[in-house]
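For reference, the structure is listed below as structure tokens.
The values are calculated or read from the model by the stated rules, or taken from the named source; none is laboratory data. Since we're looking at a predicted model, the values are computed, not measured. A quick note on method: Cβ atoms are made from the backbone with ideal geometry, for glycine too, and the neighbour counts reach across all protein chains shown.
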Amino acid sequence: MTALSYSARLAPFQPETVWTLEGAELVERRGPRERRFPLNALTAFRLAKPRDGRRRRVLTLAFGRRKTILTAQSYVGPGRFEDRLAGFSLFARAVAGAGADLAPRARFELAGVMAAREGLTWVMGLLALGTLVMLLLAFSPGMTGMAIAIAARMAFVLILLAAITPWLGRGEGLDPHALPDELLPAS
């Protein structure tokens, strides 16, 4: 039995990356480096396409805190990319099918360029960091009152942003066994 694989060069100074489905594992090889991802640990399958309808696709696979990113285009030279959508579609469909069978709790979704939830999470993290810095600044002489007042306002905004989070969508759901042909052409 042969293993299904897909390859693309992601950046100018990197060797070509090869992803291979070997049994119940996704193996990523980039030069001498190899990473293995068990498909039963898949937590998110996020497929993104550009809004202008061109052939570029990006697939992000999350395995807990680890993730790998596959693209449908391979870097050739400055400003030039090779279209590999046919092989990418075949590989993405195989990963989706195997991932859905081995990790039934995984999320399969269509993502935008930057989902609102992810952007809000970054803003909340930076705001929390700023609040902590202000509280640490409160220990310096002469800054106590002002630092605590600013930290309190930042914490209030953080609480308001946290209250918005449940109403933000995660992305449009996808059926892993019936991925749309307009996203991943079958031929």
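Just to be sure, is P176 assigned to a loop (DSSP other than H, G, I, E, B) and touching a Gly at 6+ places or on another chain (Cβ under 9 Å)?
Yes, satisfied.
Restricting to region 130-146, count the residues that are in contact with a helix residue (DSSP H, G or I) (Cβ under 6 Å, 6 or more places away or on another chain) and modelled with pLDDT under 90.
3
Yes or no, residue by residue, for (1) among the aromatic types (F, W, Y); (2) over 25 Å from T165 (Cα atoms):
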| residue | (1), (2) |
| --- | --- |
| I69 | no, yes |
| G79 | no, yes |
| E82 | no, yes |
| S89 | no, yes |
| G99 | no, yes |
| F108 | yes, no |
| A111 | no, no |
| W122 | yes, no |
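Only one residue in R9, R30 is surrounded by 15 or more Cβ atoms within 10 Å (Cβ to Cβ), over 13 Å from A92 (Cα atoms) and modelled with pLDDT of 90 or more. Which one?
R30
Hey, could you check region 60-82 for residues that are small (G, A, S) and either surrounded by 15 or more Cβ atoms within 10 Å (Cβ to Cβ) or farther than 11 Å from P12 by Cα (or both) and say which is modelled with the highest pLDDT?
A62
Tell me the residue from R105, R153 that is out of contact with any Leu (no Cβ under 6 Å at 6 or more places or on another chain), basic (K, R), surrounded by fewer than 16 Cβ atoms within 10 Å (Cβ to Cβ) and not assigned by TED's automatic domain parsing to the domain that holds P38, please.
Testing whether each residue is out of contact with any Leu (no Cβ under 6 Å at 6 or more places or on another chain), basic (K, R), surrounded by fewer than 16 Cβ atoms within 10 Å (Cβ to Cβ) and not assigned by TED's automatic domain parsing to the domain that holds P38 leaves just R153.
Which residue pairs have Cβ atoms closer than 6 Å, lie 6 or more positions apart in sequence or on different chains, and pair a first residue in region 94-105 that is closer than 11 Å to A41 by Cα with a second residue that is in a helix (DSSP H, G or I)?
Correct list of pairs: G99/L39; L102/L39; L102/N40; A103/N40.
Would you confirm whether any residue within region 124-138 is touching a Lys or Arg at 6+ places or on another chain (Cβ under 7 Å) and not hydrophobic (A, V, I, L, M, F, W, C)?
no
Quick one: count up the residues across region 68-121 that are more than 17 Å from the chain's Cα centre (by Cα), small (G, A, S) and either more than 17 Å from E25 (Cα to Cα) or assigned to a strand (DSSP E or B) (or both).
6
If you go through region 132-142 one residue at a time, do you hit one that is in contact with an Asp or Glu (Cβ under 9 Å, 6 or more places away or on another chain) and surrounded by 15 or more Cβ atoms within 10 Å (Cβ to Cβ)?
Scanning region 132-142, I find no residue that is in contact with an Asp or Glu (Cβ under 9 Å, 6 or more places away or on another chain) and surrounded by 15 or more Cβ atoms within 10 Å (Cβ to Cβ), so the answer is no.
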